[in-house]
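Asker: I have a structure I would like to understand better, so I am pasting it below and will then ask my questions one at a time.
The values are calculated or read from the model by the stated rules, or taken from the named source; none is laboratory data. Note that this is a predicted model, so its numbers are computed, not measured. A quick note on method: Cβ atoms are made from the backbone with ideal geometry, for glycine too, and the neighbour counts reach across all protein chains shown. We work out accessible area using only protein heavy atoms, side chains counted, and drop any ligands, DNA or RNA first. Shrake-Rupley method; radii C 1.70, N 1.55, O 1.52, S 1.80 Å.
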Amino acid sequence: MSMRELVVLGTASQAPTRLRNHNGYVLRWDDEVILFDPGEGSQRQLLHTTVTATDLTRICVTHFHGDHCLGLPGTIQRLSLDRVAHPVAVHFPAGGAEYFARLRHATSFYETAELAVTPIEADGQRVALSCGFLEARRLRHPIETYGYRLVEPDGHRMLPEKLAAYGIAGPAVGELIRVGHLDLDGRRVTRDEVSVPRPGQRFAFVMDTGLCDGVYALAEHADLLVIESTFLESEAALAAEVGHLTAAQAARVATESGVRRLVLTHFSQRYSDPRRFHDEARAHFDGEVIIAEDLTTVQVPPRRVPSAG
């Protein structure tokens with residue numbers, strides 16, 4: 001049975017607090033288990049979840065500020081310690097290749113894990129997955145930064161009653177889906193006649209950035225958007241200066257982009273009451289707003305069920 005959910009490891013920006021670990025997020029999406037931005041302490045945070053290093057299939061780093069990558073050495077070494085048998089892909093801004101190399105070999109260890117290192121070299125670069133594709137988009141931050149989105153292609157939901165009316169069952173259903181039509185008793189039955197469109201699901205991950213085209217490209221029609229909201233609107237000028245978003249900006253992005261479930265995270269330590277982020281976002285977004293907390297799990301919303309027409 002496929003699983004699509006976000007496991008939150010840490011939600012602090014720049015410096016951890018007593019209640020918030022440095023960044024770290026794991027996306028479970030069918031056969032992909034993707035670790036995003038492993039900050040310091042991510043390896044230990046994993047121990048408090050049902051995710052293990054052995055589960056990881058991919059690591060994505062948005063940029064090489066410490067709160068988004070200082071967990072890489074321990075995570076990479078853990079892959080070898082646990083003798084992970086499958087290759088683990090790693091993506092990061094190509095301009096930070098030297099930082100990655102330093103983090104990968106920060107200390108002496110016996111490396112047995114296989115890392116499939118694939119840097120992000122251009123805005124819009126895509127990586128093919130069995131469930132669709134992973135796309136990176138350039139963000140606006142003082143250093144080279146990319147956000148990521150996972151996109152499942154649109155498909156079809158077969159209608160059992162219409163299949164039965166044509167006597168289509170068993171392997172013939174798979175052939176109809178694959179080929180797009182079947183020839184039955186001199187009549188061609190098309191896939192569209194016995195199905196309705198099934199929009200693919202989308203996940204977006206937007207970290208340190210000011211407002212830019214990349215933010216909107218990533219968020220477009222996301223079922224689940226994980227986005228930084230380092231500041232409140234009262235510090236909007238500071239946010240713009242240092243390349244970050246406010247909760248209000250993140251919420252407006254979600255509204256304008258047709259997001260279904262909004263997860264705010266990466267909170268400045270200057271704020272002690274997370275409800276302020278919720279209240280500010282609620283004023284600009286009518287959908288579900290979640291204020292991320294360490295070691296919680298957020299489900300990807302159930303797939304929309306289209307009408308049979």
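Asker: Sort out which residues of the stretch 205-227 are open to solvent by less than 10 Å² (accessible area, probe 1.4 Å), within 14 Å of the chain's Cα centre (by Cα) and not charged (D, E, K, R), and write them in order of number.
Answerer: Within the stretch 205-227, 205, 206, 207, 215, 218, 219, 222, 224, 225, 226, 227 qualify.
Asker: State all residues of the stretch 70-105 that are open to solvent by 50 Å² or more (accessible area, probe 1.4 Å) and assigned to a loop (DSSP other than H, G, I, E, B); if no residue qualifies, say none.
Answerer: Across the stretch 70-105, the qualifying residues are 70, 82, 83, 85, 86, 87, 105.
Asker: Given (1) touching a residue at least 40 places away in the same chain (Cβ under 8 Å); (2) over 30 Å from residue 161 (Cα atoms), identify the lone condition not met by residue 196.
Answerer: (2)
Asker: When both residues are 6+ apart or on different chains and their Cβ atoms are under 6 Å apart, which pairs have a first residue that lies in the stretch 227-252 and is without any contact (Cβ under 8 Å) to a residue 24 or more places away in the chain, and a second that is not aromatic (Phe, Trp, Tyr)?
Answerer: 236/246
Asker: Something else about it: Taking into account only those residues within the stretch 46-60 that are open to solvent by less than 20 Å² (accessible area, probe 1.4 Å) and in contact with a Leu (Cβ under 7 Å, 6 or more places away or on another chain), which is modelled with the lowest pLDDT?
Answerer: 53
Asker: Regarding residue 229, is this residue closer than 28 Å to residue 3 by Cα and at pLDDT 95 or above?
Answerer: When the stated conditions are applied, residue 229 passes them.
Asker: I'm trying to understand the selection: among the residues of the stretch 78-104, which are over 23 Å from the mean Cα position of the chain (by Cα) and closer than 24 Å to residue 16 by Cα?
Answerer: Of everything in the stretch 78-104, just one residue is over 23 Å from the mean Cα position of the chain (by Cα) and closer than 24 Å to residue 16 by Cα, namely 102.
Asker: Taking the stretch 1-43 as the region of interest, how many residues are farther than 21 Å from residue 131 by Cβ, open to solvent by 40 Å² or more (accessible area, probe 1.4 Å) and hydroxyl-bearing (Ser, Thr, Tyr)?
Answerer: Within the stretch 1-43, residues that are farther than 21 Å from residue 131 by Cβ, open to solvent by 40 Å² or more (accessible area, probe 1.4 Å) and hydroxyl-bearing (Ser, Thr, Tyr) number 1.
Asker: Can I ask one more? When the stretch 249-279 is examined, which residues are found to be buried (at least 23 other Cβ atoms within 10 Å of the Cβ) and not hydroxyl-bearing (Ser, Thr, Tyr)?
Answerer: 249, 250, 251, 253, 254, 259, 262, 263, 264, 266, 267, 277
Asker: Which pairs turn up if I take residues in the stretch 105-124 that are within 13 Å of residue 57 (Cα to Cα) and look for partners that are part of a loop (DSSP other than H, G, I, E, B) with beta carbon separation below 7 Å, at least 6 apart in sequence or on another chain?
Answerer: Filtered contacts from the stretch 105-124: 113/84; 114/87; 116/87.
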